[in-house]
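Enquirer: First the structure, which I've put down as structure tokens, then a few questions once you've had a look.
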Amino acid sequence: MVTAHNLGFPRIGTKRELKFGLELFWKGQSTEHALTKLGADLRQRHWQRQSDLDFVPVGDFSFYDQVLDMSFTLGNIPLRVGNLSGTELDSYFRLARGRSAGDTVGNGVTAGEMTKWFDTNYHYIVPEFTATTEFSLNPARLLDQLDEARQQGINAKPVIIGPLTYLWLGKSKDGSNRLDLLTRLLPVYVELLNKLADQGVEWVQIDEPILVAELNADWRRAFNLAYHQLNSGNVKLLLATYFGQLQENLQLACKLPVSGIHLDGINARAEVNQLIDWLASYKVLSLGVINGRNIWKADLNATLDWLFPIHAKLQDRLWLAPSCSLLHVPVDLEREETLDVEIKSWLAFARQKLGELTVLTQALNEGRDAVADELAANASALQSRRESICVNNPMVKAAVANITAEFGERHSRYVARAEQQASRLKLPRYPTTTIGSFPQTTEIRQARLRFRTGELDATHYVTLMRTEIERAVREQEALGLDVLVHGEAERNDMVEYFGEQLEGYAFSRFGWVQSYGSRCVKPPILFGDISRPKAMTVEWIKYAQSLTDKPMKGMLTGPVTLLNWSFVRDDQPRSTTCYQLALAVRDEVLDLERAGVNIIQIDEAALREGLPLRKSQWQAYLNWAVESFRITANGVNDGTQIHTHMCYSEFNDIIESIADMDADVITIETSRSDMELLDVFNNFKYPNAIGPGVYDIHSPNIPSKEQVVQLMRKAAQRIPAQRLWVNPDCGLKTRDWEEVIPALSNMVKAAKILRQAG
């Protein structure tokens, strides 16, 4: 019989219960007891939804991030957090966000650095290491959840991050070699596995996704060392890989002393036959046959055509699962009552994906006839999508075919453009600005909801939004910022807002996905060819500019981010879709320029996360990604200043491609990393202007003017002061005005100090 299991389930809840529970706790409006009870209730609900599986994951639930959970399980807690009073949950949230519920505004600590989880839009808290780091086991979280699951009759499969991936994801704070810590780390893992064995656990899922990356000889040797030490025989280890192909690591993975291997059958399908040939006869093969990263229905008939011969070879050694954790997709499609019926028939969210998994398992175990109705319905939905006139637009395809090299070229090089822009804008040294959004208050969100539901007519909605825009402008003028933004009150999300105005997008109401902590996003569904019927932002920006004599930035989301932060169609190359988006946003850029907007910011926050996990494949992606940005940005005159923004991404290894984007100003995150991200500029002479983020907006902590000055002086050691801007590291929509005003005030005061110092 084929075994069905899951690698992980969305933790936020169908109605984002976790988000709201966390935010109440952080505001001091709820107790730790209430939050932990909410966590238990969500776990119970999620396990029940997976109870038809042979094995259900336990340990995949987290109050913030699974990597941070692993740091606490391994006792790897920085002294700045571990030495403070309070409960373990207080320490946990201090490391996650700089402050826990009971801390006062001035009583925060530096939050852990945050970056993207492989090539996804999920963020994790980076483990911190030094040469003296020690580890000690704290298994209570995992053991408690295991006990909860068993009380519900769940056949539990504990999920942990493997030791090599844990070290790989971390950062050395003193330049020491992370691999040197492996000999200290492994005994703690052995102790954890023995604890699980003592509880009668049969299988443990141990995630090592770095096996799909390029590993040097030291890391490959470390895998052999680690897994021979972990192979105690007390529990069976399922080594889980996902997000890509194993390639040169395939043989390494096959030879590791584990009881089974999970392979991403969506991304690494070509490796399955070789893996079967090399896999020892006692090992199980778990195939990820349902896409855990996207929301399109699987082709069940085609998948079965592929699986039946594999099943004939492996029999009971074949396990089926999604390709990766379902953390990256929404919870339940059934709630989407307003989504176009035809488009809805093409989709599958987490619960539906588990249903697809059940159909495949039943077909293999009992034959296709046992699920004939389900297979027929699936085939009909896929045929509907292929034939739909909503998907294909010949005019859009023709426009992409007519793109030439000139689309991506500015008239002059940066030095000449900078002179024209300086003459036009007349900005001081260390000009100050923000990244775009201001706090999304309850009043703003309620007005948007009332407008969407028809309770508020368009005239009154515009009036309310204009009132909020004026508030943002007046606050910025009072603060003394040099380049203003309109605050984006009318925007629900930096991708969804634009997608709603583009042909080829569809939108769910409840398709929320966790980005980090309580931050959830609702990725649009990019199902067809993209075009822009009319201007999307011009009237809002024109109104904001009419309120002030200071320069006003036009704010847009770039094509690569619109692509990477959407659920993207899988029936054509991603590059083709990105070029379609580039042409649509280019039209908006040119309309803004014609409307007299002299500064236009085109955010590419997600540029890096689209990188393939293997460096050998990077350049092909960067070629079309950078070209798409240039197509979008470079139709303007030299006097128009183009900005772009990238957040929470290590970009040192793609700095040449970022320079090739040729934006006049780039703003980046550097506050949590204490300007470490600027080390690349010691060797690479970045040619254009840069704004290193000095205000960590993902933490409630308020930076002092002294901290901002210190950070900017570090930046000035690497980049000429005349090319430096002063700004937060991201938009301010998630913060409160009570935090934003003093933080920006300190930022402006710091800029004045820097100017006076010369």
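Enquirer: Quick one: count up the residues across region 409-430 that are open to solvent by less than 10 Å² (accessible area, probe 1.4 Å) and in contact with an Asp or Glu (Cβ under 6 Å, 6 or more places away or on another chain).
Expert: Count: 1.
Enquirer: Out of all the residues in region 687-702, is one or more modelled with pLDDT of 90 or more, part of a loop (DSSP other than H, G, I, E, B) and under 26 Å from I642 (Cβ atoms)?
Expert: yes
Enquirer: Please find, within region 397-445, the residue that is farthest from G635 (Cα to Cα) out of those that are within 28 Å of the chain's Cα centre (by Cα) and charged (D, E, K, R).
Expert: E443
Enquirer: Please go through region 731-758 and pick out each residue that is assigned to a helix (DSSP H, G or I), within 29 Å of the chain's Cα centre (by Cα) and either in contact (Cβ under 8 Å) with a residue 24 or more places away in the chain or under 21 Å from T667 (Cα atoms) (or both).
Expert: W737, E739, V740, I741, P742, A743, L744, M747, listed by residue number.
Enquirer: Taking region 220-256 as the search range and keeping residues that are in contact (Cβ under 8 Å) with a residue 40 or more places away in the chain and surrounded by fewer than 19 Cβ atoms within 10 Å (Cβ to Cβ), which one is nearest to Q274 (Cα to Cα)?
Expert: This residue is Q247.
Enquirer: Here is a further query. Would you confirm, using the coordinates I've provided, whether L252 is in contact with a Leu (Cβ under 9 Å, 6 or more places away or on another chain), farther than 12 Å from G288 by Cβ and in a helix (DSSP H, G or I)?
Expert: Here the answer is yes, as L252 does meet what is asked.
Enquirer: I need the full set of residues from region 123-154 which are open to solvent by less than 60 Å² (accessible area, probe 1.4 Å) and free of Cβ contacts under 8 Å to residues at least 60 places away in the same chain, in order please.
Expert: Hits for region 123-154 are V126, E128, F129, T130, A131, T133, A140, L143.
Enquirer: What number of residues in region 182-200 are farther than 22 Å from S71 by Cα and either open to solvent by less than 30 Å² (accessible area, probe 1.4 Å) or of a type in the set (G, A, S) (or both)?
Expert: Total satisfying the criteria: 1.
Enquirer: Regarding region 528-541, can at least one residue be identified that is among the basic types (K, R) and more than 30 Å from R11 (Cα to Cα)?
Expert: yes
Enquirer: Being over 19 Å from S437 (Cα atoms), within 25 Å of the chain's Cα centre (by Cα) and modelled with pLDDT of 95 or more is true for just one of L556, L581, L607. Which residue is that?
Expert: Values: L556 fails: over 19 Å from S437 (Cα atoms); L607 fails: modelled with pLDDT of 95 or more.
Only one candidate passes the filter, namely L581.
Enquirer: Sticking with this structure for a sec: If the Cβ limit is 6 Å and pairs must be 6+ apart or interchain, which residue in region 314-340 that is more than 26 Å from Y282 (Cβ to Cβ) pairs with which residue that is among the aliphatic types (A, V, I, L, M) and part of a helix (DSSP H, G or I)?
Expert: Close Cβ pairs (under 6 Å, with a partner that is among the aliphatic types (A, V, I, L, M) and part of a helix (DSSP H, G or I)) amount to L326/A350; V329/A350; V331/A350.
Enquirer: Being in contact with an Asp or Glu (Cβ under 9 Å, 6 or more places away or on another chain) and open to solvent by less than 50 Å² (accessible area, probe 1.4 Å) is the requirement here; does G367 meet it?
Expert: No: the conditions fail for G367.
Enquirer: Kindly list, by first and then second residue, each pair from a residue in region 84-106 that is farther than 22 Å from Q66 by Cα to a residue that is open to solvent by 30 Å² or more (accessible area, probe 1.4 Å) and of a type outside the set (D, E), limited to pairs with Cβ atoms under 6 Å and residues at least 6 apart or on different chains.
Expert: Cβ pairs passing all conditions: none.
Enquirer: Sticking with this one: Which residue is nearest to G13 (Cα to Cα), if the candidates are limited to region 32-64 and must be open to solvent by 30 Å² or more (accessible area, probe 1.4 Å), outside any helix (DSSP H, G or I) and among the charged types (D, E, K, R)?
Expert: D52
Enquirer: Still on this structure, I have one more. Which strands (runs of 3 or more DSSP E) sit wholly inside region 525-643 and have at least 1 residues that are closer than 22 Å to V513 by Cα and aromatic (F, W, Y)?
Expert: In region 525-643, the matching strands (runs of 3 or more DSSP E) lie at 525-531.
Enquirer: Tally time: how many residues in region 340-386 are within 21 Å of R49 (Cα to Cα) and among the acidic types (D, E)?
Expert: 2
Enquirer: Please work out which one of (1) touching a residue at least 40 places away in the same chain (Cβ under 8 Å); (2) surrounded by fewer than 18 Cβ atoms within 10 Å (Cβ to Cβ); (3) over 30 Å from L427 (Cα atoms) is the condition K542 fails and give its number.
Expert: (3)
Enquirer: Criterion first (modelled with pLDDT under 90 and either more than 25 Å from W618 (Cβ to Cβ) or assigned to a loop (DSSP other than H, G, I, E, B) (or both)) does R713 satisfy it?
Expert: Values: modelled with pLDDT under 90: no; either more than 25 Å from W618 (Cβ to Cβ) or assigned to a loop (DSSP other than H, G, I, E, B) (or both): yes.
Spelling it out, it is not the case that R713 is modelled with pLDDT under 90 and either more than 25 Å from W618 (Cβ to Cβ) or assigned to a loop (DSSP other than H, G, I, E, B) (or both).
Enquirer: Follow-up question, since we're still on this one. Return yes when I266 is in a loop (DSSP other than H, G, I, E, B), modelled with pLDDT of 95 or more, farther than 18 Å from W512 by Cα and open to solvent by 10 Å² or more (accessible area, probe 1.4 Å) and no when it is not.
Expert: Criteria met by I266.
Enquirer: Then there's this: Look through region 659-683, keep the residues that are in a loop (DSSP other than H, G, I, E, B) and either open to solvent by less than 10 Å² (accessible area, probe 1.4 Å) or modelled with pLDDT of 80 or more (or both), and return whichever of them is nearest to C730 (Cα to Cα).
Expert: Going residue by residue through region 659-683, those that are in a loop (DSSP other than H, G, I, E, B) are 662-664, 670-675, 683.
Restricting the remaining residues to those that are either open to solvent by less than 10 Å² (accessible area, probe 1.4 Å) or modelled with pLDDT of 80 or more (or both) gives 662-664, 670, 673, 675.
Numbers: D662: 20, A663: 17, D664: 18, T670: 10, S673: 14, M675: 15 Å.
Result: T670.
Enquirer: From the list T31, T104, T36, which one is at pLDDT below 95 and over 30 Å from L182 (Cβ atoms)?
Expert: Values: T31 fails: at pLDDT below 95; T36 fails: at pLDDT below 95.
After ruling out the rest, the residue left standing is T104.
Enquirer: Taking the criterion of being within 18 Å of the chain's Cα centre (by Cα), under 23 Å from I403 (Cα atoms) and either at pLDDT below 95 or open to solvent by less than 10 Å² (accessible area, probe 1.4 Å) (or both), would at least one residue in region 610-618 satisfy it?
Expert: yes
The values are calculated or read from the model by the stated rules, or taken from the named source; none is laboratory data. None of these values were measured; they are calculated from a predicted model. Using ideal geometry, Cβ is built from the backbone for each residue, glycine included, and neighbour counts are taken over all protein chains shown. When the accessible area is computed, the model is the full protein with side chains, heavy atoms only, and any ligands, DNA or RNA have been set aside. Shrake-Rupley method; radii C 1.70, N 1.55, O 1.52, S 1.80 Å.
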